[in-house]
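Remarks on the structure that follows.
Taken together, the values in this text are just the output of simple stated rules run on the coordinates, not laboratory data. Worth saying up front: this structure is predicted, and the values here are computed from it rather than measured. Virtual Cβ from ideal backbone geometry, glycine too; neighbours counted across all protein chains shown.
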Amino acid sequence: MLGRIHSTESFGTVDGPGTRFVIFFQGCPMRCQYCHNPDTWDVNGGTLRSAEDLLAEYDSCKEFYKGGGLTTTGGEPMLQIDFLTELYEKAKAKGIHTCLDTSGIVFNGDNPEFMKKLDRLLASTDLIMLDIKHIDNEEHKKLTGQPNTGILAFARYLSDKQIPVWIRHVIVPGITYEEKPLKRLGAFLAELHNIKALDVLPYHTMGKPKYDKLGMKYVLEGVPALTNQDAIRARDIILSAWRARKTYLNAKAEEEKKQ
């Protein structure tokens, strides 16, 4: 089986635990306004590669990946779920830690065939980095061109399956950097039972030159990069709402036990 691959990175340090071999999958149904990889959108682009070929590339630097492993990102890796599963199963057979960076946009809990494939994939997935773009559905559509209902359902499913998850959330001035949605996000995360980390990522403009090179309009032209101080404040708002909701849920559970 062959997969459409945009590129690889040998020494990723922000794509999961440790130093990692990062594989960028080609194709994505999302059109995030701040995406810094618009060249991965086209499902017909990229280079056809086999799992064996990619793992041979991993092996060429495997001594550097002790404590790390392999991360797939994109684009959206789950668009190629059959190839992704083959890659992960062969990686696990070699003892490689697997991390999936996904938006969860392809999740379809009403499709038995998809769910069967998903469960097989999850069986060889050690960690998922789940990007939640916006907690509000209508705002999510404006930001990405897609609804977030399936993404939030995917988050709940991963919680039910106890698959370890790192949440990633990009903070954009005037879009996601608002107190109300940040509090809503924190309250939502408090209802999940598998969150291992929260990465609050400040919006930056480093992807803009790529749009210029591709002759594409950069929708967020003029939006300033978020400061580290504002990113810390945003994270504090999320965590405060998370703790408050968790305290309420724990108290409610204790009260139900007494009844």
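Taking a ≥ b ≥ c as the square roots of the eigenvalues of the Cα gyration tensor, the range 188-256 is classed as prolate, since a/c reaches at least 1.5 and a/b is larger than b/c. The phi torsions of the range 118-133, fed into the Karplus equation with coefficients 6.51, -1.76 and 1.60 and a -60° offset, translate into couplings of 4, 4, 5, 4, 4, 5, 10, 10, 7, 8, 10, 9, 9, 8, 9, 6 Hz, rounded to whole numbers, with Gly and Pro shown as x. Peptides 56-64, 239-247 ranked from most to least packed give 239-247, 56-64, packing being the mean of other C-beta atoms within 10 angstrom over each peptide's residues. For the chain, the alpha-carbon radius of gyration amounts to 1.03 times the rule-of-thumb value 2.2 N^0.38 Å expected for a compact globular protein. Straight Cα distances below 24 angstrom link LYS92 to the lysines LYS62, LYS66, LYS116, LYS117, LYS161, LYS196, with same-chain residues fewer than 8 positions distant left out. For ARG168, the residues 5 or more places off, or on other chains, whose built amide H falls under 5 Å of its own are LEU130, ASP131, ILE132, ASP199. For the range 2-258, the relative contact order works out to 16 percent when only alpha carbon pairs closer than 8 Å and six or more residues apart are counted. Helical content of the chain, expressed as a calculated mean residue ellipticity at 222 nm, amounts to -12500 deg cm²/dmol (DSSP H runs of 4 or more residues, -39,500 (n - 2.57) each, divided by residue number, nearest 500). The phi torsions of the range 239-255, fed into the Karplus equation with coefficients 6.51, -1.76 and 1.60 and a -60° offset, translate into couplings of 5, 5, 5, 4, 5, 5, 5, 5, 4, 4, 5, 5, 5, 5, 5, 5, 5 Hz, rounded to whole numbers, with Gly and Pro shown as x. Summarising the amide proton neighbourhood of SER7: residues at separation of 5 or more, or on other chains, whose placed amide H is nearer than 5 Å comprise PHE24.
Normalising the average separation of contacting C-alpha pairs (under 8 angstrom, six or more residues apart) by the number of residues puts the relative contact order of the range 194-234 at 52 percent. Neighbour counts of C-beta atoms inside 10 Å place PHE11, PHE21, PHE107 in the sequence PHE11, PHE107, PHE21, starting with the fewest. Backbone amide hydrogens, once placed in the peptide plane, bring ILE96 within less than 5 Å of nothing, excluding anything fewer than 5 places away on its chain.
Mean sequence separation of contacting Cα pairs (under 8 Å, at least six apart), scaled by the length of the range 49-125, corresponds to a relative contact order of 34 percent. Phi angles of the range 212-218 translate, via the Karplus equation with coefficients 6.51, -1.76, 1.60 and θ = phi - 60°, into HN-Hα couplings of 4, 5, 7, x, 9, 6, 8 Hz per residue; Gly and Pro are given as x. Using a simple spin-label model with pseudo-atoms 7 Å out from Cα toward Cβ, ASN228 and GLU63 lie 3.3 nm apart.
Exposure proxy ranking for ASP131, ASP101, ASP42, based on other Cβ atoms within 10 angstrom of each Cβ and starting from the fewest, stands as ASP42, ASP131, ASP101.
Placing +1 on the Cβ of every Lys and Arg and -1 on the Cβ of every Asp and Glu, with no other charges, gives the range 2-258 a dipole of roughly 540 debye about its Cα centre. As a proxy for reagent exposure, ranking MET1, MET30, MET115 by other Cβ atoms within 10 Å from fewest up yields MET1, MET115, MET30.
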